[in-house]
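The values are calculated or read from the model by the stated rules, or taken from the named source; none is laboratory data. Predicted model, so just to flag it, every value in this text is computed and none were measured. For neighbour counting, all protein chains shown are included, and Cβ atoms are generated from backbone atoms with ideal geometry for every residue, glycine included. Just so you know, the surface numbers come from the protein's heavy atoms only, side chains and all, with ligands and any DNA or RNA stripped out. Shrake-Rupley method; radii C 1.70, N 1.55, O 1.52, S 1.80 Å.
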Amino acid sequence: MTETGLLKVVHGACGHDCPDTCAWIAETRDGTAVRLYGDPDHPFTRGVLCAKVNHYLSRVYHPDRLQYPLRRCGPKGAGQFERISWQSALQLIADRWLSDMRDYGAESILPFSSAGNQGLIQHSSLDQRLFSLLGVSRLERNICGAVAHEGLCATQGSGVGVNPEELVHSRYIVLWGTNTLVTNLHLWPVIQEARNRGARIVVVDPIRTKTAAAADWHLPVRPGTDTVLALAMMHVIIREGRVDRDYVSQHATGFDELAARVEQYSPASVSGLTGLAAGDIERFALEYADAKPSLLRPLIGLEHHRNGAMMFRTLACLPVLTGAWRYRGGGLSRSTGAFQFSMLNMDGLLMPALAQRPTRSLNMRDLGRDLCSTTLSPGIRSLLVYNSNPAVSLPQQTLVRQGLQRDDLFTVVHDLFLTDTAMYADVVLPATSQLEHLDLVPSWGHHYVSLNQPAIEPSGESVANTELFRRLARVLGRTEPYLFESDEELLSTALQTDHPMMQGITLDSLRAHGWLHLKHAEDWRPFADGGFPTRSGKAELWSARLEEQGLDPLPGPGEIQRGGVGQLQLISGKTLHYLNSGYSHQEPHRRREGILQIELHAEDVALRGLQDGMQVLVRSQQGEVTAICCRSERVQPGVAWMPFGGLSDAAGVRRHVNSLTPEEPTDWGGGSGFYDTFVDVLAISD
Ligand SMILES: Nc1nc2c(c(=O)[nH]1)N[C@H]1C(S)=C(S)[C@@H](COP(=O)(O)OP(=O)(O)OC[C@H]3O[C@@H](n4cnc5c(=O)[nH]c(N)nc54)[C@H](O)[C@@H]3O)O[C@H]1N2
Ligand SMILES: Nc1nc2c(c(=O)[nH]1)N[C@H]1C(S)=C(S)[C@@H](COP(=O)(O)OP(=O)(O)OC[C@H]3O[C@@H](n4cnc5c(=O)[nH]c(N)nc54)[C@H](O)[C@@H]3O)O[C@H]1N2
Ligand code: SF4
Ligand SMILES: [Mo]
């Protein structure tokens, strides 16, 4: 931290659930943040933030930001609250939790959190220690990333991949089910640089997104059929002798079995299913195999299908077959999150051994069903929500809200705004913004670790997540010193690691530099010489582990979902101005995203007798929303697109696209098939 007269310059990092983890610089005067901008020296941030965080100061100083604890004084969902003191709020919580623990058992309490803050200790630290001690229900956080990870692990043994900055060395980049220009903006200059050096950029996406439109080639695959497309690519690669025989024989299992499997997937035979011309599939396979190095970049989009893990399992076979891993900038690149966490002292930070006995785990995806269950034993009596807005982000929204409406449920929400979930809370607690607390921010999109130093005092009576858990521990009568460690102590513990890639990365060096790159050779290639951390030590084209689990040991199509007659498959992806549901409370973001629209192909608009701009009812088996019909060239016939994360539908009702999505589980990884939603779209008659 340096001081220039009254102007203070503080280095920090964005804590949003975004792969870019931008390093930023805050300027403060007299305790007020007056300017926030991307760190120009950070090689990935390159001095720019994004459409959301360019307005972060108006989020920090927003008039609607929660400033003090509130208690509900009207019906659940009505938004009637009154101010109370922190002491009363904590006492209310302690009284209820202690009586629930006594009368129903600790598992009747469910803490619910996601990655609303993905900083290391504000995401998970003292909360996990306290929950282990109390023995409350645990949450399986698998709504984002877990499915992709499982799928990759089946083939490669881990999710480790190419360092995203190394994409500059790629000559063929396939952005597969990811909307880089919207969700991973800071990767785009890297891709552009590769392009300037001669790389071809291909996007595989059912929607003609901004990214697809900016690419050299867009392959508008039918949703959920990417497994089949990849199998057909392997068919061509094997038939045309493009397999790297040397790499495969040394570093892979099951080539012969795979070759036999893909024989039936000729481009001609999958053309109808994938919606792609056989000639295009043939060309794609050969271009991909012949370019050296070639790189696959999937992020999350693919995992939101029922066959989500199989998508990643199957895709991961491609760079093994072609030996793309050998080359600098070749292979597959997805999240760097698990990689970074594996270098930190997570056991020291989370202290999992504090748990006295195994406790039940509930999948976050099933919150609605679990809250409404009459058979769950013990039933959920108390819910603590932080870092998440489940009333918007979970599937089966109607059921989630029905559960939150339960009179006998005691809900506490800790957030910066009165979110849709907070509307149902008994007690609402104010949370700090990223400018107001300390954290270390590992990244799931690059190889830098950043320190976020607080630039200003907490707004009003808001507290950081870590401070909330210290206060909860105290009011619950706990005295164990490790429940009260300071944020600095927690970070020091996490950084006590002898991992060679963390050498020299300490709190002091981070304080001095703001951010540091993991220590590894510049030309670091994870699987150039094999070394896949699977059971066999090789990439498993055929997997004994999967066979033992009664699963398909080979990559395959998985269960591709189809709708009923006349139904459209609804994709509901991320938007430019919202961060999931974040920023939906704020102008100018709200105005820029506008009211809820559904994009349909002209053919589907005509077929249903609809008109561009009219209000329509969108209905699935799970529920309905009102939206503005938008004739769009971005979508293909049979597919519709709606944004995820908005505040209310076109009729002004606080319900969203997740009123339509089912909580159907994915194949493995415990995720949700959000994008396997099938809807009817009807004109609203007056
Ligand atoms: N601006 C902004 N940035 C964000 C976020 C945000 O809300 N707003 N959210 C952040 C979070 S939490 C995440 S997880 C990431 C997600 O980042 P991405 O994975 O890039 O985002 P998604 O919108 O989930 O999906 C990406 C693409 O997958 C496509 N898709 C859907 N189904 C299929 C399919 O069957 N096959 C293929 N090939 N493509 C398919 C969708 O059309 C979409 O364009 O973004 C992060 N960044
Ligand atoms: N239909 C559909 N549904 C989806 C998706 C989709 O593409 N389509 N995407 C899925 C994905 S990939 C994801 S990651 C999830 C996201 O699901 P959530 O994580 O529930 O989504 P957010 O809306 O980002 O909610 C995060 C909340 O955390 C709050 N928050 C931020 N910082 C802090 C803090 O320091 N402390 C506390 N206490 N709170 C804080 C924010 O204000 C915000 O309200 O949604 C999933 N749901
Ligand atoms: S949301 Fe993502 S792109 Fe925007 S500032 Fe934060 S890390 Fe950067
Ligand atoms: Mo996500």
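Tally the residues that are open to solvent by less than 30 Å² (accessible area, probe 1.4 Å) and either at pLDDT below 95 or over 16 Å from residue 361 (Cβ atoms) (or both), restricting the search to the stretch 122-142.
7
Would you check if residue 76 is in contact (Cβ under 8 Å) with a residue 24 or more places away in the chain, more than 16 Å from ligand 3 (Cβ to nearest atom), touching a helix residue (DSSP H, G or I) at 6+ places or on another chain (Cβ under 7 Å) and not assigned by TED's automatic domain parsing to the domain that holds residue 588?
Judged against the criteria, residue 76 is a match.
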Item checked: Close pairs from the stretch 368-385: first farther than 20 Å from residue 102 by Cα and among the small types (Gly, Ala, Ser), partner in a helix (DSSP H, G or I) and open to solvent by less than 30 Å² (accessible area, probe 1.4 Å), Cβ under 6 Å, at least 6 apart -> 368/400; 368/403
Margin query: What's the number of the only condition in (1) away from ligand 2 (no atom under 16 Å from the Cβ); (2) free of Cβ contacts under 8 Å to residues at least 40 places away in the same chain; (3) within 30 Å of residue 129 (Cα to Cα) that residue 391 fails to meet?
Written below: (1)
Notebook entry, point to check: Out of all the residues in the stretch 49-59, is one or more touching a residue at least 12 places away in the same chain (Cβ under 8 Å), farther than 20 Å from residue 458 by Cα and within 16 Å of ligand 4 (Cβ to nearest atom)?
Noted result: yes
Checklist line | Residues of the stretch 233-261 classified as open to solvent by less than 40 Å² (accessible area, probe 1.4 Å) and without any contact (Cβ under 8 Å) to a residue 24 or more places away in the chain, total | finding: 1
Notebook entry, point to check: In the set 71, 35, which member is open to solvent by 60 Å² or more (accessible area, probe 1.4 Å) and more than 19 Å from residue 435 (Cα to Cα)?
Noted result: 71
Notebook entry, point to check: Name the pairs whose Cβ atoms lie under 8 Å apart, with the first residue in the stretch 9-32 and among the small types (Gly, Ala, Ser) and away from ligand 3 (no atom under 13 Å from the Cβ), the second open to solvent by 10 Å² or more (accessible area, probe 1.4 Å) and modelled with pLDDT of 95 or more, and 6 or more positions between them or separate chains?
Noted result: 31/456; 31/457
Margin query: Any residue that is in contact with a Ser or Thr (Cβ under 6 Å, 6 or more places away or on another chain) and more than 21 Å from residue 668 (Cα to Cα) - is there at least one of those in the stretch 261-275?
Written below: yes
Note to self: Filter the stretch 320-334 down to the residues that are part of a loop (DSSP other than H, G, I, E, B) and of a type in the set (Val, Ile, Thr) and list them by number.
What the structure shows: 322
Next item on the list: Examine the stretch 286-294 for a residue that is among the acidic types (Asp, Glu) and touching a Phe, Trp or Tyr at 6+ places or on another chain (Cβ under 7 Å), and state whether such a residue exists.
Entry: yes
Next item on the list: Would you mind listing the strands (runs of 3 or more DSSP E) fully within the stretch 545-629 where at least 3 residues are open to solvent by 20 Å² or more (accessible area, probe 1.4 Å)?
Entry: 615-619
Next item on the list: Looking only at the stretch 107-116, decide whether some residue is of a type in the set (Ser, Thr, Tyr), more than 16 Å from ligand 3 (Cβ to nearest atom) and in contact with a His (Cβ under 9 Å, 6 or more places away or on another chain).
Entry: yes
Notebook entry, point to check: Pick from the stretch 414-453 the residues that are among the acidic types (Asp, Glu) and touching a strand residue (DSSP E or B) at 6+ places or on another chain (Cβ under 6 Å): which of them is farthest from ligand 4 (Cβ to nearest atom)?
Noted result: 426
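Go through the stretch 140-222 and tell me which helices (runs of 4 or more DSSP H), entirely inside it, have 3 or more residues that are within 16 Å of ligand 4 (Cβ to nearest atom).
Output list reads 146-156, 180-183.
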Margin query: Regarding the stretch 275-286, can at least one residue be identified that is touching a residue at least 60 places away in the same chain (Cβ under 8 Å), open to solvent by 20 Å² or more (accessible area, probe 1.4 Å), more than 30 Å from residue 136 (Cα to Cα) and not assigned by TED's automatic domain parsing to the domain that holds residue 390?
Written below: yes
Note to self: Residue under question is residue 99, and the condition is that it be within 16 Å of ligand 2 (Cβ to nearest atom) and either more than 30 Å from the chain's Cα centre (by Cα) or not assigned by TED's automatic domain parsing to the domain that holds residue 120 (or both); does it hold?
What the structure shows: no
Item checked: Subset of the stretch 292-307 that is closer than 9 Å to residue 324 by Cβ and open to solvent by 10 Å² or more (accessible area, probe 1.4 Å) - its residue that is farthest from ligand 4 (Cβ to nearest atom) -> 292
Check: Can you name the condition, by its number, that residue 18 falls short on among (1) within 16 Å of ligand 4 (Cβ to nearest atom); (2) open to solvent by 60 Å² or more (accessible area, probe 1.4 Å)?
Finding: (2)
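Given the criterion within 16 Å of ligand 3 (Cβ to nearest atom) and more than 22 Å from residue 365 (Cα to Cα), identify the matching residue among 188, 176.
188
Mind listing just one residue for me: the one in the stretch 490-499 that is surrounded by 12 or more Cβ atoms within 10 Å (Cβ to Cβ) and of a type outside the set (A, V, I, L, M) and, of those, nearest to residue 339 (Cα to Cα)? I'd like the intermediate steps shown before the answer.
Within the stretch 490-499, the first condition is being surrounded by 12 or more Cβ atoms within 10 Å (Cβ to Cβ), and the residues that meet it are 490-497, 499.
Now drop any that are not of a type outside the set (A, V, I, L, M), which leaves 492-493, 496-497, 499.
Details: 492: 19, 493: 18, 496: 16, 497: 14, 499: 11 Å.
So the residue we want is 499.
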Next item on the list: Quick one: which residue in 148, 230 is within 16 Å of ligand 2 (Cβ to nearest atom), open to solvent by less than 10 Å² (accessible area, probe 1.4 Å) and out of contact with any His (no Cβ under 8 Å at 6 or more places or on another chain)?
Entry: 148
